[in-house]
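Asker: Sending over a structure as structure tokens; questions will come in a sec.
The values are calculated or read from the model by the stated rules, or taken from the named source; none is laboratory data. Remember, it's a predicted structure, so these values are computed and weren't measured experimentally. Backbone-built Cβ (ideal geometry, glycine too); neighbour counts: all protein chains shown. The protein model used for the area step is the full one, side chains on, heavy atoms only, and it has no ligands, DNA or RNA in it. Shrake-Rupley method; radii C 1.70, N 1.55, O 1.52, S 1.80 Å.
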Amino acid sequence: MSDVPGELSGKAYPGNAQGGGRFVLADREGRLSCDGRALPPTASTTPGSCLGESGEGVMRCSDGREIPLRWQAISCRSWQGNGTDAKGNHLEFRVERR
């Protein structure tokens, strides 16, 4: 996040059969934690595959900020996205399931 020193890291949790999921991020010092939700996909470029699916979501943080998100699947086990809060601070993220 552009206004937070260092990186945020955390865990991801898969959604239901329709897709989407949840992820939780925090900085190493514990100053900021965020809970993100990726909604099921609204678009798919490859029918029958999750590759290229994309959608929206939202992330809410412990400091009160709310960040609308856009995400895109880069494989069936990983996705990336970005968003900007009301003050113009930018977030870029990548989620990989093991």
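Asker: Consider Ile74 against the criteria (1) assigned to a strand (DSSP E or B); (2) farther than 15 Å from Arg94 by Cα; (3) over 11 Å from the mean Cα position of the chain (by Cα): it satisfies all of them except one. Which criterion is unmet?
Answerer: (2)
Asker: Is it the case, given these coordinates, that Asp3 is modelled with pLDDT under 90, among the acidic types (Asp, Glu) and open to solvent by less than 80 Å² (accessible area, probe 1.4 Å)?
Answerer: yes
Asker: Looking at (1) open to solvent by 70 Å² or more (accessible area, probe 1.4 Å); (2) of a type outside the set (Asp, Glu); (3) free of Cβ contacts under 8 Å to residues at least 60 places away in the same chain, which is the one condition that is false for Lys87?
Answerer: All conditions pass for Lys87, except number (3).
Asker: Looking only at the stretch 41-58, count every residue that is open to solvent by 80 Å² or more (accessible area, probe 1.4 Å), of a type outside the set (S, T, N, Q) and over 12 Å from the mean Cα position of the chain (by Cα) and tell me the total.
Answerer: Result for the stretch 41-58: 3.
Asker: Considering only residues that are assigned to a strand (DSSP E or B) and free of Cβ contacts under 8 Å to residues at least 24 places away in the same chain, look in the stretch 59-70 and name the one that is least open to solvent (accessible area, probe 1.4 Å).
Answerer: By that ranking, first place goes to Pro68.
Asker: Okay, next question. Based on what the data block shows, is Arg37 open to solvent by 20 Å² or more (accessible area, probe 1.4 Å), at pLDDT 90 or above, in contact with a strand residue (DSSP E or B) (Cβ under 9 Å, 6 or more places away or on another chain) and in a strand (DSSP E or B)?
Answerer: yes
Asker: Ok, one more. Just checking, does the stretch 15-30 include any residue being surrounded by fewer than 17 Cβ atoms within 10 Å (Cβ to Cβ), in contact with a strand residue (DSSP E or B) (Cβ under 7 Å, 6 or more places away or on another chain) and in contact (Cβ under 8 Å) with a residue 24 or more places away in the chain?
Answerer: Among the residues of the stretch 15-30, at least one is surrounded by fewer than 17 Cβ atoms within 10 Å (Cβ to Cβ), in contact with a strand residue (DSSP E or B) (Cβ under 7 Å, 6 or more places away or on another chain) and in contact (Cβ under 8 Å) with a residue 24 or more places away in the chain, which makes the answer yes.
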